[in-house]
Amino acid sequence: MASAEAFCVTVDRDGESGPQDEQEAAQDWALRHTGRTGPDLFRRVVTDHARVTREG
């Protein structure tokens, strides 16, 4: 299972989407944030997990 987050990094602005199950949800948050307050630079973080097992 992966999660995605968007963080506003425009100078003198802040906000973050928080962990989202879908990348589109984090992107939608960034679009709404831009529409409300005007920033245009975000850092996107996608986290993925892998389960590894030994043979034998």
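Across the chain, counting alpha-carbon atoms alone, Rg and Dmax equal 14.9, 56 Å. Restricting the chain to GluC sites (Glu not before Pro) that sit in a DSSP loop and have at most 16 other Cβ atoms within 10 Å of their own Cβ leaves Glu22, Glu55. Between Gln27 and Val52, what FRET efficiency follows from the Cβ-Cβ distance if R0 is 35 Å, with the result rounded to 0.05? Once the sixth-power term is evaluated, E becomes 0.70. Exposed loop positions in the chain were taken to be trypsin sites (Lys or Arg not before Pro) whose DSSP state is not H, G, I, E or B and which have at most 12 other beta-carbon atoms within 10 angstrom. Between these positions, the longest stretch is 1-50.
Given an 8 Å cut-off on Cα distances and at least 6 residues of separation, report the relative contact order of the chain as a percent. In percent, rounded to a whole number, it is 44.
Since every read-out is calculated from the coordinates, none of them should be taken as a lab result. Quick caveat: nothing in here was measured; it's all calculated off a predicted structure. As a convention, Cβ positions derive from the backbone with ideal geometry for all residues, glycine included, and neighbour counts pool all protein chains shown.
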